[in-house]
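Please read the structure below before turning to the comments.
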Amino acid sequence: MFEVKKLCMFLGGALFGTAGVKILGSRDAKKAYTHVTAAVMRCADSVMETVTNIRENFEDIKADAQEINEKRREEDRLKEIEDAKAVIADAEERISALEAEAEEEAAGRAENTEGNTPEIVTE
């Protein structure tokens with residue numbers, strides 16, 4: 001009985017396999033495969049179109065970001081230049097003040113030494 005059951009299972013599988021190959025190779029099955037493949041291709045086209053749009057948007061965003069960074073760098077450079085000019089102006093003011101102080105001291109020394117010089121009398 002066990003041998004008959006195995007034989008029946010084998011024959012059933014072979015019959016089902018043969019029928020399956022015939023069904024899969026039929027004209028209707030090929031039409032179905034064609035429609036499914038066309039749907040997958042449309043989906044792939046849609047995905048690629050979306051990817052292209054995302055890439056274009058990314059390029060626009062990247063260009064805008066680079067422009068913003070360039071403006072920021074330029075503003076930072078201008079600020080550094082202005083800060084340097086302020087430091088130079090402050091240093092020039094200090095130099096002028098020190099020069100004026102030195103001139104006042106020199107003038108004060110000259111006044112003090114004028115009265116202290118001995119007079120030489122010659123006859």
If you check V36, V47, which single one turns out to be within 32 Å of the chain's Cα centre (by Cα) and assigned to a helix (DSSP H, G or I)?
V47
Is there a residue in the stretch 5-28 that is among the hydroxyl-bearing types (S, T, Y), at pLDDT 85 or above and open to solvent by less than 80 Å² (accessible area, probe 1.4 Å)?
no
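The values are calculated or read from the model by the stated rules, or taken from the named source; none is laboratory data. Being a predicted model, the structure only gives us computed values, none of them experimental. Note: areas computed on protein heavy atoms with side chains; ligands, DNA, RNA excluded. Shrake-Rupley method; radii C 1.70, N 1.55, O 1.52, S 1.80 Å.
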